[in-house]
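> There's a structure below that I have some questions on.
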Amino acid sequence: MADSLRQRVLDTIQSSFPLEHDPYASLGERLSAPRDDVKEALSGLCLNGSVRRVGASFDSRMLGYKATLCALAVPGDEFDLERAAEVVNAFPGITHNYGRAHRYNLWFTLIARSDEEKSQVLDLIRERTGCTDLLDMPATRKFKISVDFGAQRAATASGKGGPASVPAAGSGSASNSADADVCSAAADVRPFDAEDPFDIAIVRWAQDDIVRDERGNLVDEPYDVAAGAFCASLGQHVCADQIIERLAQLRQNGTIRRFGAMVRHQRIGFSYNSMTVWDIPDDEVEAAGMLFASMPFVSHCYTRPRAETWPANLYAMTHATSPEEMESNVETLREALEGEGITCRNQFALETTREYKKVSMSYFMPTHIPFSSEFASWLRS
C-alpha cells in the first residue's frame, strides 16, 4: 500500500503541485489518501532520490534571459571528451551537458543574461576546449515542453502510445490550467517584472526546493514558510496567499512552465533517452512538430536553425524504460510522419552516452557577476 501510494504521489506531482496552504491535504483529497500518508510518501521519494526538488521550471525568455542548445564536435577519445565536458561545465549558465553518439558528441544548454554574454561564453568554450566546430541553435519554435513520466507511464499502461490530445503550441503541459481559479483571466495577469523585488523573490524561492528545509526535512506549510522568509528579505509584510496567487499568475501566463516535482528519470525507471533530430521541409515542419508533440513519450519538441554542417531543423526528446521501447518510440515517430504524408529527408537518433551535468538554472542570484571583459579575463586564467 505504501509503495502504491508513493507511485501515485510521484505520478501526480510531476505535472502539478498544489497551490494550497496545506498541499499534502490537497493531494490527499485528490488521491483519496490520508494527509500524513501523502506527506510520508513524498518524503520517501525525496530520500530515495526519485524527486530532485519540488518547485518551478521557468521559461527563461519570460524572465529576460537568453537560452540556446549547443553541439560541440570534440575530436579524440573518451578522455578528450571528458576534458571538454569539464571545461563546459565550469560555466554557471550551463544547465545540461550530455555526451551523444555522433560526430557532434557533446551537447549542452546555455542560459545567459544577454546575447553578448552568450556569445562571450561560447567564444571562451571554443578557446578553452580547442574545438572550433560548435553549433549554436536557439529554439525558433516550441511545440512542447512537458516532462511528465507519470502521464507517459499511464499512456504506456493503457496502450495509448500514439498521438494524443496536445496543448496549444508553446503552452507546455496541459496541467498549466490546474488551480486557474486562483487568479483572473490570462489577459489580466500582470507580466513578470524584473524590477519588482517581490517577483525576483518569487523566482529565487521557487527555483529551489520549496518543500524541504536546510536539513532535508519536509515542511508542513511551504508557502507560509516562504512568506516568513519574504518578510525578512523584503522588509515588508508578505502573506502566503500573495505568494500562492502570484505563482498561479506566473504559471498561467507561461513564465512558469511547470510547477511540480523535478525527478531523476533514471531512478524512476526511464533510463533510456534519445534526442531525435529530423530534417523536415520548412513548409511541413509545423505539422510535424504538432504531431510529435502529441506523443506521450516526447517530452520536448522544438524547431532550431539549420547549419551548413547540420541539416536538421526539428528536435524531439524521447524517453523509455528499455532499448526496445526506445526503438519502438522512434519507429512510431517515423510511421506517424509517413501516415500524415510529411516528408523526412534525414533523421538521427542521438542516444545519450553520458550525463556530464544536469542542474536547474539559478536566476537573479545576488552573487551573479555581470558578464564583462574583466570576468572573461578571470575565466581565461
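The values are calculated or read from the model by the stated rules, or taken from the named source; none is laboratory data. Being a predicted model, the structure only gives us computed values, none of them experimental. Neighbour counts run over all protein chains shown; Cβ positions are idealised from the backbone, glycine included.
> Of the conditions (1) touching a Ser or Thr at 6+ places or on another chain (Cβ under 8 Å); (2) modelled with pLDDT under 95, A84 clears all except one; give me its number.
Looking at each condition in turn, A84 falls short on (2).
> Can V87 be described as over 28 Å from R246 (Cα atoms) and β-branched (V, I, T)?
Against the criterion (over 28 Å from R246 (Cα atoms) and β-branched (V, I, T)), V87 qualifies.
> Among the residues of segment 269-321, how many are among the β-branched types (V, I, T), touching a Ser or Thr at 6+ places or on another chain (Cβ under 8 Å) and surrounded by fewer than 22 Cβ atoms within 10 Å (Cβ to Cβ)?
2
> Tell me whether segment 85-107 contains one or more residues that are more than 25 Å from M137 (Cα to Cα) and either in a strand (DSSP E or B) or touching a strand residue (DSSP E or B) at 6+ places or on another chain (Cβ under 9 Å) (or both).
For segment 85-107, residues more than 25 Å from M137 (Cα to Cα) and either in a strand (DSSP E or B) or touching a strand residue (DSSP E or B) at 6+ places or on another chain (Cβ under 9 Å) (or both): absent.
> Taking the condition of being within 19 Å of N329 (Cβ to Cβ) and touching a helix residue (DSSP H, G or I) at 6+ places or on another chain (Cβ under 7 Å), how many residues in segment 301-313 meet it?
So the answer is 1.
> Please determine, by comparing only the residues of segment 201-240 that are more than 23 Å from R52 (Cβ to Cβ) and in contact (Cβ under 8 Å) with a residue 40 or more places away in the chain, which one is farthest from the chain's Cα centre (by Cα).
By that ranking, first place goes to V238.
> Now for a separate question. Just give me the residues in segment 173-193 being at pLDDT 75 or above and surrounded by 14 or more Cβ atoms within 10 Å (Cβ to Cβ), in sequence order.
Matches in segment 173-193: V189, F192.
> Could you count how many residues in segment 111-123 are out of contact with any helix residue (DSSP H, G or I) (no Cβ under 6 Å at 6 or more places or on another chain) and of a type outside the set (D, E, K, R)?
Residues meeting the conditions: 4.
> Here's something else I'd like to know. Keeping to segment 44-78, report how many residues are closer than 27 Å to G130 by Cα, in contact with a Phe, Trp or Tyr (Cβ under 9 Å, 6 or more places away or on another chain) and of a type in the set (V, I, T).
1
Matching residues to (1) farther than 20 Å from N329 by Cβ; (2) outside the structural domain of S50 (by TED's automatic domain parsing):
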residue: R251; (1), (2): yes, no
residue: T276; (1), (2): no, yes
residue: E284; (1), (2): yes, yes
residue: S299; (1), (2): no, yes
residue: A316; (1), (2): no, yes
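> Restricting attention to segment 128-141, does a residue exist that is of a type in the set (S, T, Y), surrounded by fewer than 17 Cβ atoms within 10 Å (Cβ to Cβ) and at pLDDT 55 or above?
yes
> Let me ask something else. Is one or more of the residues making up segment 291-300 touching a residue at least 60 places away in the same chain (Cβ under 8 Å), closer than 30 Å to I200 by Cβ and of a type outside the set (K, R)?
Yes, there is a match, as at least one residue in segment 291-300 is touching a residue at least 60 places away in the same chain (Cβ under 8 Å), closer than 30 Å to I200 by Cβ and of a type outside the set (K, R).
> Being outside any strand (DSSP E or B), in contact with a strand residue (DSSP E or B) (Cβ under 6 Å, 6 or more places away or on another chain), outside the structural domain of Q14 (by TED's automatic domain parsing) and of a type outside the set (A, V, I, L, M, F, W, C): is that true of G289 here?
So G289 fits the description; yes.
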